[in-house]
């Protein structure tokens, strides 16, 4: 029983750490420069 | 009782976990409506037509995927079918990756499944709309598992053929899946030459429709060498092309790359994945045979080489696509990155299991394992909610249905021919699609064969299409008007002309008012069938020439028919054998009760 509770707590801590990583990455990504607007006929850009 | 519930949950996890990831990634794309993004165009009812069999004048890029959709949406509405394909593809991919990991570790399965569903390849191909290639990708783990079984267990044959058919809805998909299958069988050594030969036959049969249609188009299957550089693997942010490809990214189109891939986060993700994969090498050698390892490593190496060829030796690849019919398939080389993913997923799964085992404190190991399992998601969080809103479901304007109805009535009255879709450009950014770029959906929405431009523009550089008929029509649009234009169009087998006024106005506003786009065609004697706010449909006067120049003759049609027959025989044979076996098994179980 103790082992099971310990396991659940460990997974919970892992989830919290993953959540914190996500928050950090999201704040980094939101400050990244956005794509320039491309011409209407373009399929896309590789620049 | 509690133990039984726990066991059921663990058994369902390989499906439930990728399902959760898929729902998280697709987000708004699963709401009512159609997802139109770049090359992914689904309509309410895709009418079966000759071009879907490879009979048209353009290269058979959507053979046989269009035919399969046109048949299936007679039973399931197009909107539901699209959701099922997108969701089912990701679930199958994740479940297959889980099953490939030897050793039975739940954490290992979770890690492999997460990476296989949540990586740049899936996200970028989803946004650019390459759903048949994603179906191939989803089938790869299953093809690998079947291919490794057929040498020793003949019962795996029907499964292998069915997965190959599932994976071969597009030309590149067929090559990727076929390559993995053949190498997977041949990896068993000399004794496997007979099963390997049969696998090649199965690959040839399920790919025959597009391959034969492509060959019958002759010189049209040669491509512009200048396009190789434009479609080659690209770096992402600080990652050079080779590193982006190792991280399962590197697509040519920077527009579809998630923002997180353009920051230092992509470097962290790459280092983390490769390091964990390196840790997984030891268990992989211990738990698998040499043949199993060859079956994954050789295709991964081939995938890497093909993905980087356009960037490393553009001159050589350019010469190939210009001289060798069909070599243009290697133009967008990063599609072959799909072959790298199964190996990475297996190694990552084994690596995570090993890391958890190595940590002396169990709780700490589990914490680390959880972080590693979720790392593909946490390091690319902008793939959530329809890739941060890049995928969304929309409804078609009512005028689409009105134009379709008017054209159908004209068709019932005996008018024939193809419909010419104007403006004569390939891509649109309709306001009703929230400004998202999409291949023009109008031609697919209408119920007859259509002629649309196959010219592509990438970063302002024009890449001419291969369809000679389209080139002649563009020339006529640029130089003729009135009765002369109508005569020229009728001579090309055009029976109707439809103009998307919204797209036309957008081009004029952007200064892209090339006369060859047919932005405001002058048709003197054509009858207006529909004239609405955003669309005009004309019926051209009958000129007696309904068969488009360049369409296939009778002998070519017979050969193409045989190719379809080969695919149908292979597929139905596999279904029959599989069905018979399932029937026998259920009867035996019934008797034993």
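The values are calculated or read from the model by the stated rules, or taken from the named source; none is laboratory data. All values reported here derive from a predicted model rather than from experimental measurement. Neighbour counts run over all protein chains shown; Cβ positions are idealised from the backbone, glycine included.
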Among the numbered conditions (1) within 8 Å of chain B (Cβ to nearest Cβ); (2) modelled with pLDDT under 75, tell me where residue A:37 comes up short.
-> (1)
Out of curiosity, is residue B:107 in a helix (DSSP H, G or I) and in the same structural domain as residue B:206 (by TED's automatic domain parsing)?
-> yes
When the range B:308-328 is checked residue by residue, the ones that are under 19 Å from residue B:214 (Cβ atoms) and buried (at least 21 other Cβ atoms within 10 Å of the Cβ) are B:317, B:321, B:328
With the condition kept exactly as written, say whether any residue in the range B:415-428 is surrounded by 18 or more Cβ atoms within 10 Å (Cβ to Cβ), at the interface with chain A (Cβ under 9 Å from one of its Cβ atoms) and either free of Cβ contacts under 8 Å to residues at least 40 places away in the same chain or farther than 29 Å from residue B:457 by Cα (or both).
-> yes
What is the residue count in the range B:176-197 for residues that are assigned to a helix (DSSP H, G or I), in contact with a helix residue (DSSP H, G or I) (Cβ under 8 Å, 6 or more places away or on another chain) and surrounded by fewer than 24 Cβ atoms within 10 Å (Cβ to Cβ)?
-> 9
Among the candidates B:57, B:105, residue that is farther than 29 Å from residue B:249 by Cα and either surrounded by fewer than 24 Cβ atoms within 10 Å (Cβ to Cβ) or touching a strand residue (DSSP E or B) at 6+ places or on another chain (Cβ under 9 Å) (or both) | B:57
Is it the case that some residue within the range B:148-158 is in a helix (DSSP H, G or I), more than 17 Å from the chain's Cα centre (by Cα) and closer than 26 Å to residue B:304 by Cα?
-> yes
Taking the range B:20-38 and keeping only residues that are crowded, with 19+ Cβ neighbours inside 10 Å and either at negative phi or touching a strand residue (DSSP E or B) at 6+ places or on another chain (Cβ under 6 Å) (or both), one is left with B:21, B:22, B:25, B:26, B:29, B:34, B:35, B:36, B:37
What number goes with the only condition from (1) under 20 Å from the mean Cα position of the chain (by Cα); (2) surrounded by fewer than 22 Cβ atoms within 10 Å (Cβ to Cβ); (3) more than 9 Å from chain A (Cβ to nearest Cβ) that residue B:456 does not pass?
-> (3)
Scope the range B:429-439; condition in a helix (DSSP H, G or I) and buried (at least 18 other Cβ atoms within 10 Å of the Cβ); matching residues = B:433
So which residues in the range B:236-265 are over 17 Å from residue B:390 (Cβ atoms) and free of Cβ contacts under 8 Å to residues at least 40 places away in the same chain?
-> B:237, B:238, B:239, B:240, B:243, B:263, B:264
Inside the range B:316-343, can you point out the residues that are touching a helix residue (DSSP H, G or I) at 6+ places or on another chain (Cβ under 7 Å), outside any helix (DSSP H, G or I) and either under 30 Å from residue B:273 (Cα atoms) or without any contact (Cβ under 8 Å) to a residue 40 or more places away in the chain (or both)?
-> B:331, B:340
Every residue from the range B:547-564 that is in contact with a helix residue (DSSP H, G or I) (Cβ under 8 Å, 6 or more places away or on another chain) and either assigned to a loop (DSSP other than H, G, I, E, B) or at pLDDT below 90 (or both) = B:548, B:549, B:550, B:552, B:556
Checklist (1) more than 10 Å from chain A (Cβ to nearest Cβ); (2) surrounded by fewer than 24 Cβ atoms within 10 Å (Cβ to Cβ); (3) over 30 Å from the mean Cα position of the chain (by Cα) applied to residue B:353, failing item | (2)
Answer with yes or no whether residue B:211 is within 30 Å of residue B:168 (Cβ to Cβ), at pLDDT 95 or above, more than 9 Å from chain A (Cβ to nearest Cβ) and not in a loop (DSSP other than H, G, I, E, B).
-> no
Please enumerate the residues belonging to the range B:266-276 that are more than 28 Å from residue B:389 (Cβ to Cβ) and buried (at least 22 other Cβ atoms within 10 Å of the Cβ).
-> B:276
Here are some conditions: (1) in the same structural domain as residue B:338 (by TED's automatic domain parsing); (2) modelled with pLDDT of 95 or more; (3) buried (at least 20 other Cβ atoms within 10 Å of the Cβ). Residue B:69 meets all but one. Which one does it not meet?
-> (1)
Per the filter on the range B:518-539, residues in contact with a strand residue (DSSP E or B) (Cβ under 6 Å, 6 or more places away or on another chain) and in a loop (DSSP other than H, G, I, E, B) are B:518, B:523, B:526
